[in-house]
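The values are calculated or read from the model by the stated rules, or taken from the named source; none is laboratory data. Everything quoted here is computed from the prediction, not taken from an experiment. Glycine gets a Cβ as well: all are built from the backbone with ideal geometry, and neighbour counts include every protein chain shown.
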Amino acid sequence: MVKELEYRQFKLSSGEEIVCEVMEWNDEADVEILVRKAMRLTLMEMGDGTKFYSFRPWMIYQEHPEDILILNINAVVGIGFPPDSLLKQYHEAVNEMASMNETREQEFAESVNESVDKIERYLNIMDSGSNVIDMFDPKKLH
């Protein structure tokens, strides 16, 4: 049987509000709630007084959809059931967050590959018999 996903809106003692998917509720002996896809809900106000809400990742670099976060129940002031309109926007924000994470991981992998290529080229030059002297060769006096 597939467990139905539970989404909740938490008001934290810090004043922050987050919307997330609850993976596991705490029991009587535990103060931790396991959540994922946690997005902070922020109120923005334009210069003309227009107000709107936006989502931001709650924790920096915890942006992969499978990243599990632990929420301390003692930091929770209130819990609500997010309305469908909010959940629709939340899912769009989570998809965008996952896309950003994928892009960042891809850029990092490309950067690592470039660095490895540079090191390999350097080592090939050192082994090519060129007129470059290996200063780390203990057999050669410099």
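Could you tell me which numbered condition A38 fails, if it satisfies all but one of (1) in contact with a Cys (Cβ under 7 Å, 6 or more places away or on another chain); (2) loosely packed, with under 15 Cβ neighbours inside 10 Å; (3) not β-branched (V, I, T)?
Only one criterion is unmet by A38, namely (2).
Residues in region 8-20: is at least one touching a Lys or Arg at 6+ places or on another chain (Cβ under 8 Å), without any contact (Cβ under 8 Å) to a residue 12 or more places away in the chain and either part of a strand (DSSP E or B) or not small (G, A, S) (or both)?
Looking for residues that are touching a Lys or Arg at 6+ places or on another chain (Cβ under 8 Å), without any contact (Cβ under 8 Å) to a residue 12 or more places away in the chain and either part of a strand (DSSP E or B) or not small (G, A, S) (or both), one finds none in region 8-20, hence no.
Output the qualifying pairs, or none if there are none: Cβ atoms under 8 angstrom, residues six or more apart or on different chains, first residue in region 65-81 and over 27 Å from S99 (Cα atoms), second residue among the acidic types (D, E).
As it stands, the answer is N72/E32; I73/E32, since those pairs meet every condition given.
Quick check on my filter: what residues within region 78-136 are modelled with pLDDT under 80, acidic (D, E) and either assigned to a loop (DSSP other than H, G, I, E, B) or under 30 Å from Y7 (Cα atoms) (or both)?
D134
Tell me the residue from A29, A75, A109, A93 that is of a type outside the set (D, E) and in contact with a Leu (Cβ under 6 Å, 6 or more places away or on another chain), please.
Answer to the check: A75.
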